[in-house]
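The values are calculated or read from the model by the stated rules, or taken from the named source; none is laboratory data. Fair warning: this is a prediction, and the values are worked out from it, not measured in the lab. Here the Cβ positions follow ideal geometry from the backbone for every residue, glycine too, while neighbour counts run over all protein chains shown. SASA here: full protein model, heavy atoms, side chains in, ligands and nucleic acids out. Shrake-Rupley method; radii C 1.70, N 1.55, O 1.52, S 1.80 Å.
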Amino acid sequence: MVQTIDMSCLSIGLDGAKEIRDALTKSGEAKCCALLEMSFARAEKFGDEELKLISQGLSRCAHSLRTLSLGCCKDITDDGLIAIANECPHLWTILLGMCMSITDRSVIEMSRLCTWLCLCFSLSFVRLKRHSSSGTSLQIVN
């Protein structure tokens, strides 16, 4: 069973994202997906469209994904993050250092969709807690 996918510093593009999506779909169908961590930090040709394709493959094994690293992926925006949050409600940590196109919209939506989430943007920590009737909580915005 695969627990980590590390594509850091590689050139992904749409073709690579489709291959990852298809592999995730097959492992989810076989009920052997135990994916805990994915990293695309500093990956070239990796933005919203690639992230959305990969999120489609996560639908069957998203329950296990805990950490997503997207640091220095300059083409990631709110739309890509919200697509991941819709499929991965159990994410704990998303690393977003140097992702300059992220706004409050995705942070708010991710805090609503993901039960226990730590968003990491830089090196300084700010502890925020928000509890609602649905039990969601944004623990740390970094």
* To do: Search region 50-77 for residues that are free of Cβ contacts under 8 Å to residues at least 60 places away in the same chain and pair each with any residue that is among the aromatic types (Phe, Trp, Tyr) and surrounded by fewer than 20 Cβ atoms within 10 Å (Cβ to Cβ) when their beta-carbon atoms are under 6 Å apart and the residues are at least 6 apart or on different chains.
  => Arg66/Trp92
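Just for region 109-124: of the residues that are closer than 29 Å to Ala34 by Cα and open to solvent by 30 Å² or more (accessible area, probe 1.4 Å), which one is modelled with the lowest pLDDT?
Ranking the qualifying residues of region 109-124, first place goes to Ser122.
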* To do: Considering only region 60-84, state which residues are modelled with pLDDT of 90 or more, among the hydrophobic types (A, V, I, L, M, F, W, C) and closer than 19 Å to Ser39 by Cβ.
  => Leu68, Leu70, Cys72, Cys73, Ile76, Leu81, Ala83, Ile84
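Applying the selection to region 85-108, what residues are among the polar types (S, T, N, Q) and under 17 Å from Leu36 (Cβ atoms)? Before you say what the answer is, go through the steps one by one.
Residues of region 85-108 that are among the polar types (S, T, N, Q), as a first pass: 86, 93, 101, 103, 106.
Residue satisfying the conditions is Thr93 alone.
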